[in-house]
Structure formats: structure tokens, C-alpha cells
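Novice: Handing you a structure now.
The values are calculated or read from the model by the stated rules, or taken from the named source; none is laboratory data. What you are looking at is a predicted structure, and each value in this text was computed from that prediction instead of being measured. All Cβ positions, glycine included, derive from the backbone under ideal geometry; neighbour counts span all protein chains shown.
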Amino acid sequence: MVLVCSSGLSESVVDMSSNSWVSGCATPMLMCSTLECFENQGVEKRIAELANQLVSWVSEREDDGRERCLVFHTFSNTGWLVYGYILRLLQEREELMEKIKGCVSDSGGGNQFNPKVWAGGFSTALLKKSSSSVQVIATKEINGLENQASESKEKENEPSMIEAMVLHVFEKLFSVILKLPEVDQKLTEIVSMLSEKQPSCPHLFLYSTADKLVPFHLIEFEIQDQRRMGRKVISYNFETSPHVDHFRTFPDMYSSLLHNFLKECFPVAKQI
């Protein structure tokens, strides 16, 4: 199991995700933070190092002779793109691509070229938020008191002046960066890899209508495209949980989905 974490994802969420895989008999063997990639020696070099680690590990066998394989679990669009970049590095090695048995995409897979998405992710990471600052208010408007309570909660969830300023600066920055020819070309290649050349393994998309960072309908477009190409895609909409906060909000359901997905990735042969 390879956990590719998004910028700003809290350690507690990563630990819970890791523990859920362990309980499902899959061992998290490498974890990579996308923010770490940008902080260390350039993003491409860091991802290439991760890919080399994966190749080295999966090329060996277990002590009992069993072959090793990979299942990716990505978070947000940045984690999804890192996964795509790794696939791009491995695409000429068919024997390695066949060892990828599944991929879980948590809150990612849509609108990779939107500067607002990148700005939201990096501002969240910089301010050490565990999820997007905008939360969904689920209070139903039944009477005046509940309306007032809802308005109070909305005010509490409004981004601070610092958050708004950081978000604005990052949005302006990424509006320029994403239009640079070299950046645009590499992103286009990675998105093309994710759209057209993924390994023929099951894919699980976990998302939410309430996600204010990566719009849910864009993830659903990606799901439809993958299914049209004949790939086995499983999806689940948590509806009310914020960005990359599905596990913390619905731990039992999240764990159950992961465990059932493992069964899809490694089907047990029926005995005659």
C-alpha cells in the first residue's frame, strides 16, 4: 500500500487511513507528502526517488516466495497527480505496471488545471489546516432560532483575514505558474496518463458533494470517463464530509469501503 498524501493532510488522518489498511491485511509501506515533494530538491527529483523505491521493493519477493504488488491510496488532486507522475515513469515497464492491483482516490481526480484548487490546497497546507476552512452547514431551517444558530456557525467557519489573503496570493501565483509552457506541458502529459493509460486494475473514488476545494461533479466526470473506457470503477459519495475528511467523519463506512475494495483487487479463486 502506497499512501500519497495531499499537502496539509493532518498526521491523524494519515494514521487512521494507515491503520484501516493494516486491519484489512494491507501494509502501508511508503508514504509521500506532496508538500514534502515541493520542499525538497524539486518535485520531480523527489517523486523519481519515490518511484525508484517502489520499483526496488516490488521487484523483490516475500520470504515465503509470494510476489509483491502495489495498491495506491491518493489524497486530493496533488496526490492524484503524483500518482500520475509515477505511472508516467513506469509506463515503459509493463511487468511493473501489472503489479499495480488497485488505486483509491480520496477527494481528487478533477479539475487539475484550476488555480483555485491549487491555491486552496497549498494555503491549507501552509496554515496547517486538516481540511478546507469552508464547512457545510447541515442545519435545517425550521424556525428562527435554528436560523440564527446556522448563521452563527457560518460566521465561525468564515476564513480569517490571513487565510483569505494567503488564498488570494496563492491563487494569483498559480494563475501564472499553471500557464507556463513547461508546467502546462508536464501537467497535460500527466493528466493524459491518468485519463488514458492507467493500469487495468480496479479504482475506488471517494468524494463528497460538500467538498469546497475539488468540485464533486468534476470527480464524477472523471468516473464516467474511466467507465466509458471499460475500466472497473467503484465510487462513493459521502455527501456531507469536507475535503479529505471522509475517514474522520465516517470511519466505519470508510474502512468498510477499503476492505471491500481489497477484495475486488485480490479476488479469491473459486474452488471447484
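Novice: For segment 159-187, enumerate the residues that are of a type in the set (K, R) and in a helix (DSSP H, G or I).
Specialist: Once the filter is applied, which keeps residues that are of a type in the set (K, R) and in a helix (DSSP H, G or I), segment 159-187 yields K172, K186.
Novice: In addition: Determine whether segment 171-189 contains at least one residue that is buried (at least 16 other Cβ atoms within 10 Å of the Cβ), of a type in the set (K, R) and farther than 23 Å from L96 by Cα.
Specialist: No, segment 171-189 contains no residue that is buried (at least 16 other Cβ atoms within 10 Å of the Cβ), of a type in the set (K, R) and farther than 23 Å from L96 by Cα.
Novice: Further question on the same structure: Can you tell me which residue in segment 63-84 is surrounded by the most Cβ atoms within 10 Å (Cβ to Cβ), limited to those that are under 20 Å from C201 (Cβ atoms) and out of contact with any strand residue (DSSP E or B) (no Cβ under 7 Å at 6 or more places or on another chain)?
Specialist: Here the residue is L81.
Novice: Do you know which of the residues in segment 85-106 that are out of contact with any strand residue (DSSP E or B) (no Cβ under 6 Å at 6 or more places or on another chain) and not in a helix (DSSP H, G or I) is nearest to E264 (Cα to Cα)?
Specialist: Among residues in segment 85-106 that are out of contact with any strand residue (DSSP E or B) (no Cβ under 6 Å at 6 or more places or on another chain) and not in a helix (DSSP H, G or I), the one nearest to E264 (Cα to Cα) is E98.
Novice: Can you confirm whether S195 is under 15 Å from F113 (Cβ atoms), under 16 Å from the mean Cα position of the chain (by Cα) and among the small types (G, A, S)?
Specialist: Yes.
Novice: Which condition breaks for T240 when tested against (1) of a type in the set (S, T, Y); (2) under 17 Å from D106 (Cβ atoms); (3) not in a loop (DSSP other than H, G, I, E, B)?
Specialist: (3) is the only condition that T240 fails.
Novice: Please find, among F266, F261, F205, the residue that is at pLDDT below 90, among the aromatic types (F, W, Y) and within 19 Å of K101 (Cα to Cα).
Specialist: Among F266, F261, F205, only F266 is at pLDDT below 90, among the aromatic types (F, W, Y) and within 19 Å of K101 (Cα to Cα).
Novice: Would you say R248 is surrounded by 15 or more Cβ atoms within 10 Å (Cβ to Cβ), over 14 Å from the mean Cα position of the chain (by Cα) and of a type outside the set (A, V, I, L, M, F, W, C)?
Specialist: Answer is yes for this residue.
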